[in-house]
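This report concerns only the one structure given below.
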Amino acid sequence: MFDQTKKLPKMTRRAAGSLVMAAVLSASAGVALAADQPIIKLAINQPPWLDSFIAMVDKYEDETGNKIELDVSPYAGLLEKVRN
């Protein structure tokens, strides 16, 4: 089992700190670059779980900064819309 009383060597702590900083910078850069991304357009039918799907899309937009435009159609009309 891991002994929590032992300290990590300096090099390991530095490497861990560098990895954490790189992850933070990558995440913030990804959000900054998301503003330059085109809007994602998604055709979807109108299932019973549409409200949950919209909530998931909203969470995705909040976390990434990417924008998604939903084109919601009745189930029977979706195929025709996608074909045209």
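Looking at the stretch 48-84 only, could you name the residues that are among the charged types (D, E, K, R) and in contact with a strand residue (DSSP E or B) (Cβ under 8 Å, 6 or more places away or on another chain)?
Within the stretch 48-84, GLU61, LYS67, GLU69, ASP71, LYS81 meet the criteria.
Restricting to the stretch 49-68, what's the tally of residues that are surrounded by 11 or more Cβ atoms within 10 Å (Cβ to Cβ) and not aliphatic (A, V, I, L, M)?
9
Rule-based calculations on the coordinates, nothing more; no lab input. It should be emphasised that the depicted structure is a prediction, and the values quoted were computed from it without experimental measurement. All Cβ positions, even for glycine, are placed from backbone atoms using ideal geometry, and neighbour counts span all protein chains on display.
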